[in-house]
1. Only one of 277, 194 is over 16 Å from the mean Cα position of the chain (by Cα), of a type in the set (D, E, K, R) and within 16 Å of the ligand (Cβ to nearest atom); which?
2. Mind checking whether some residue in the stretch 26-35 is within 11 Å of the ligand (Cβ to nearest atom), outside any helix (DSSP H, G or I) and open to solvent by 60 Å² or more (accessible area, probe 1.4 Å)?
3. Can you tell me how many residues in the stretch 334-362 are free of Cβ contacts under 8 Å to residues at least 24 places away in the same chain and more than 16 Å from the chain's Cα centre (by Cα)?
4. Give me the pairs, please: first residue somewhere in the stretch 125-150 and within 13 Å of residue 300 (Cβ to Cβ) and open to solvent by less than 10 Å² (accessible area, probe 1.4 Å), second residue anywhere and away from the ligand (no atom under 16 Å from the Cβ) and not aliphatic (A, V, I, L, M), beta-carbon distance under 7 Å, and either six or more positions apart or on two chains.
5. For the subset of the stretch 78-116 comprising residues that are more than 19 Å from residue 18 (Cα to Cα) and polar (S, T, N, Q), which member is nearest to the chain's Cα centre (by Cα)?
6. Hey, among the residues in the stretch 311-328 that are modelled with pLDDT of 95 or more and farther than 19 Å from residue 131 by Cβ, which one's surrounded by the fewest Cβ atoms within 10 Å (Cβ to Cβ)?
7. With (1) away from the ligand (no atom under 16 Å from the Cβ); (2) of a type outside the set (A, V, I, L, M); (3) over 29 Å from residue 95 (Cβ atoms) as the list, and residue 322 as the residue in question, which single condition is left unmet?
8. Mind checking whether some residue in the stretch 277-285 is assigned by TED's automatic domain parsing to the domain that holds residue 355 and surrounded by fewer than 18 Cβ atoms within 10 Å (Cβ to Cβ)?
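The values are calculated or read from the model by the stated rules, or taken from the named source; none is laboratory data. As the structure is a prediction and not an experimental result, all values here were calculated from the model. No Cβ is skipped: glycine too gets one built from the backbone with ideal geometry, and neighbour counts run over all protein chains shown. Quick note on the areas: whole protein, heavy atoms, side chains included, nothing else; ligands and nucleic acids left out. Shrake-Rupley method; radii C 1.70, N 1.55, O 1.52, S 1.80 Å.
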Amino acid sequence: MKENIIVVGGYGHVGQTICRQLGELYPGKVYAAGRNFTRAEQFSATTGGKVKPLQMNVSDGFEPDMANRVKLVIMCLDQSDTAFVRSCFQYGIRYMDVSANHSFLAEVERLQEEACFYEVTAVLSIGLAPGLTNLLALQAKKLTDHVDTLDIAIMLGMGDQHGNAAIEWTVDNLAADFHVVKEGGEVAVQSFTDGRLTDFGAKLGYRRAYRFNFSDQHVLPRTLGVPNVSTRLCFDSAAVTGWIAGLRAVGLLRLLKLKPVRRAVVARLGKIRFGEDLYAVKIDAKGRKDHKAVYVECFLHGRNEAQATAQAAAAVAERLYGSGLPHGVYHIEQLFDLDCILHALGPEVTIETRIDGQRVLG
Ligand SMILES: NC(=O)c1ccc[n+]([C@@H]2O[C@H](COP(=O)([O-])OP(=O)(O)OC[C@H]3O[C@@H](n4cnc5c(N)ncnc54)[C@H](OP(=O)(O)O)[C@@H]3O)[C@@H](O)[C@H]2O)c1
């Protein structure tokens, strides 16, 4: 009988929280999987056995016996190809992925026909960014008749903890060149350039955020039909943000392409702790409502970004496990709205929406 949930990367930073939450809902059916069985066992023990340990390397794929008992896979690591995803589909296993890596997510999207053929649902973009950013963008869109421009900004606290895979992803994208959609066409942009002053709300004030290759900006032009979408990143320390932008401007971030430099920076960032563990998202949407120009702002603040990612993912997992969702490959905003996920975020999360400067939702 298909009833198990495998969280691949389940004893990692994001995976642990997903496992704990789902372990409470489905005790004994959730498996924390990774390549190191001892780590999986140690983590399982901290859950009182509600989450079980599993040794698994995604490169090796499934044991058929195990696959036939799995209903849902939640992927908490970055994969280099879609072989494992396709094997999930072939075994009739529902699939979710917290990856923020656009090129990989685009490859999974191309498996739409395969997902329909095997009658499974896959949900992508399920963390903070992408994830909650997509749902806030949807919320902004719903308050207008038409959105012309969406500017998304994410602020991460230097005092927050991030897993190794998340730090590697961020470092690999610091010097990235990528394309964004502008007026329906593609334009080339560079990470940590084109700074934009963003109002993160009364508590945090204005910060300058810079272009960053989050996947939401590649997906939302299609899923929400918005012709101009950008995503930017900054840190709670304006000095650190400015310092990185300066290194980018003089070309020094290119050194991150050298393996020893990358390794040293990833290791250093894993240890740095100063400032707070907060995160914030701001959506600026400009469009039209009742034939007049309208400006919608959505603010989201909270603490512990990885926990927010895991909480959003666990809320989606609960729905996907119960299902009734259409077959195929979807991004979160194509199946859910913010209200479906809000209950899962902790009480420290605050969301505010303003239309033309007037607060409409608290
Ligand atoms: N959407 C968002 O907003 C958002 C936010 C944060 C993070 N993320 C993404 O979430 C993912 C996880 O991040 P994290 O911070 O939790 O990373 P992490 O702490 O490094 O965890 C990664 C886990 O994957 C396991 N793993 C690595 N390679 C594996 C393989 N080949 N087979 C099976 N397991 C493997 C690792 O264990 P072993 O090495 O022992 O196998 C580890 O448990 C990353 O893709 C990150 O980019 C997304």
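1. On inspection, the qualifying residue turns out to be 277.
2. Yes, the conditions are met somewhere in the stretch 26-35.
3. Result for the stretch 334-362: 6.
4. 135/337; 136/298; 140/298
5. 101
6. 326
7. In the conditions (1) away from the ligand (no atom under 16 Å from the Cβ); (2) of a type outside the set (A, V, I, L, M); (3) over 29 Å from residue 95 (Cβ atoms), residue 322 misses (3) alone.
8. no
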